[in-house]
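Heads up: the structure comes next, in structure tokens.
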Ligand SMILES: [Zn+2]
């Protein structure tokens, strides 16, 4: 039975619940220590639990906290699956579950979207040896997105500039400028540059250890913040009419949205985790079938307000001072609505998507 008490109230509690649930499920765990600390000086790590045979050729993977604070959602699901489904949900032969808990533990603990390097991890999986993509739109509006002070007069002036820009370019270009990813402002929103972040390197280490050379790998990366409240949308980024894009539809049915068909509100283009894994898990050795499971919370504008205050706090304010409390509270509410109905919806959909993925990897090539 799905249990809303699988969700935690802090990063540390989430980690404890995850390790306890892994133990109950009989999973083996690994720890990857992050070099930074949380706001209370707490230790941070990414933890991995594996259930099923070491050499299974079919692996289902879940990832929580790619965007730090969004980890409340993914962690709650992972704990719930380990505690309430576990080995009973896996076929008896040749299938393993690998659960990656808090791939961005800094962001989770600090109630931020970004990593300790200020990276949007889901824009950071670019080829860092090449020139970074240029986001012309972001250059125009960077200072209005994150102004130097949050006085009402400054905010009103910045919002007027943003509204004028949005009117000039239209909604799609506007949201692409804001959230498509940028590689020019390290303190700004959706920054993906500067080199592979610790979380990026850790996901690659996890991939080398648990996924390389496996035949069929399904990955579900848990996110929150876009779409209708409580609904989990499986978003994919495969080129259309490829074996992989046919597989995602065979696995998850008609609810899959494909960014390459313009079916999703996500404007992410470069540096997605999906592309990072796609470069190292390649056919014909490994068939990777991946989706971002994006749960809706509140509207996009309130998300932008929360980001603005968060980036202001870490660029101009004191992240340990009195002004930090309301900033973190707004971020947390935006990406983790702590209501029972939202949690129930997350668990129902999460179990459905993971069950479909496990069924899907049994069928191999399509
Ligand atoms: Zn996200």
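The values are calculated or read from the model by the stated rules, or taken from the named source; none is laboratory data. This is a predicted model, so every value here is computed, not measured. So basically every Cβ, Gly included, is an ideal-geometry build from the backbone, and we count neighbours across all protein chains shown.
Quick notes on this one:
- Among the residues making up the range 1-37, those that are buried (at least 16 other Cβ atoms within 10 Å of the Cβ) and more than 19 Å from the chain's Cα centre (by Cα) are 2, 4, 17, 19, 21, 22, 25, 27, 30.
- Check on residue 307, within 20 Å of residue 179 (Cα to Cα) and surrounded by 21 or more Cβ atoms within 10 Å (Cβ to Cβ): yes
- Pairing residues of the range 341-353 that are on the phi > 0 side of the Ramachandran plot with residues that are part of a helix (DSSP H, G or I) and at pLDDT 95 or above, at Cβ distances under 6 Å and at least 6 apart in sequence or on separate chains, gives no pairs at all.
- Conditions (1) touching a strand residue (DSSP E or B) at 6+ places or on another chain (Cβ under 8 Å); (2) more than 16 Å from the ligand (Cβ to nearest atom); number of the one not met by residue 196: (1)
- Filter pass, residue 95 being touching a residue at least 40 places away in the same chain (Cβ under 8 Å) and either within 16 Å of the ligand (Cβ to nearest atom) or not assigned by TED's automatic domain parsing to the domain that holds residue 343 (or both): no
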